[in-house]
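To start, the structure itself, in structure tokens.
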Amino acid sequence: MMTRLFLALSVLIATVGSMTAQQPLSLMLGRKIKEFDRYKYSTKQSDQQQMLTKLPSGQVLDSSSIRIVDLVAIVDVKTVTVEGEEREKVLEIRQFDVSTDGVSHQYLPKGTKVNCVFSDSGSVFTIAGKPPADSVVMILNDIIHREGGEKTGRILGTTKPVKTGDKWPMNIPALLSTIDKRMVRLDKKNVKGSVELLAVDTTEDRGVLAIVSGTAKATRVRPAGLDDLQLGDVHMSMAFTLTVPIDNRLPPAGSSSVVAMDIPARMKTPDGSTIQLQIRSIRKQESRFDR
């Protein structure tokens, strides 16, 4: 129920060496993807749910579950939008494993080709012209996104040159425009966020990279699918990191995100007693793009 509330964004990559930016940088965080681009996409996502239940007797029950997805694929970009955002791409699977509470399964075998088509109405995934199983589609929707374009730049970017340690406000309306209102509703007056240039690092194989981090916190969140519960003040926190080459012509190198939601709730039993619930959901994703 809670595992599809979030849209993920951003980054953490292995670096060697580090240097402080001496001169302010004009960073364009929205990077275009080109048709016929080809890259290796590696991503790992963990989705953890925990629920504490206090029964009318005073007994407290603790239940939790965790799902971990590991995917590695070679991506061939077929078409893009005018903003440089992917419209259609093909993934050739190198690894696609899903572990649920410690039990691991291979979801698709190595060599499987997945065609991905993106539009404002959603994503369509096919294998050899046919849709895969619903369980596979659900996870693909969680971990495969249309890369590139201006959205990330509008959320995290700034028009001013910046140096390491500089902070600026996050574009909250742009952030909210990416969240599926069918899953969770946020009021912009209850969301605060900021962005920081964390570092300018040099890597062995990718040259000089800028690492930008954004954090946002929201109160009075209204998650979907919980109409049978009396909700307290639901809190949501979001942390995004984006790693881009300082050469604005080059696409992103990686991204990561952590989205957490805390839901206090009450539920009435048929005899009129009250059950108290504390639900916590944490989704983490780290992605790397190698060209």
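Give, as residue ranges, the strands (runs of 3 or more DSSP E) completely inside the stretch 18-125 that count at least 1 residues that are charged (D, E, K, R) and at pLDDT 95 or above.
Numbers: elements: 38-54, 60-80, 86-100, 103-106, 113-119.
Hits in the stretch 18-125: 38-54, 60-80, 86-100, 113-119.
Would you check if there is a residue in the stretch 189-199 being touching a Gly at 6+ places or on another chain (Cβ under 8 Å), more than 20 Å from Asp47 (Cα to Cα) and not in a strand (DSSP E or B)?
no
All but one of (1) over 17 Å from the mean Cα position of the chain (by Cα); (2) of a type in the set (A, V, I, L, M); (3) under 21 Å from Ile93 (Cβ atoms) hold for Leu140; state the number of the condition that does not hold.
(1)
Filter the stretch 171-193 for residues that are surrounded by 13 or more Cβ atoms within 10 Å (Cβ to Cβ) and of a type in the set (S, T, N, Q) and give the result.
Asn171, Thr178, Asn190
Restricting the search to the stretch 133-170, which residues are surrounded by fewer than 18 Cβ atoms within 10 Å (Cβ to Cβ), touching a strand residue (DSSP E or B) at 6+ places or on another chain (Cβ under 8 Å) and in a loop (DSSP other than H, G, I, E, B)?
Lys160, Pro161, Lys163, Gly165, Asp166
Name every residue in the stretch 204-243 that is out of contact with any Ser or Thr (no Cβ under 9 Å at 6 or more places or on another chain) and within 30 Å of Arg291 (Cα to Cα), in order of residue number.
Asp205, Gly207, listed by residue number.
Among the residues of the stretch 206-248, which ones are at pLDDT below 95 and in a loop (DSSP other than H, G, I, E, B)?
Arg206, Ala224, Gly225, Leu226, Asp227, Asp228, Leu229, Ile246, Asp247, Asn248
The values are calculated or read from the model by the stated rules, or taken from the named source; none is laboratory data. These numbers were taken from a predicted model, which means no experiment stands behind them. No Cβ is skipped: glycine too gets one built from the backbone with ideal geometry, and neighbour counts run over all protein chains shown.
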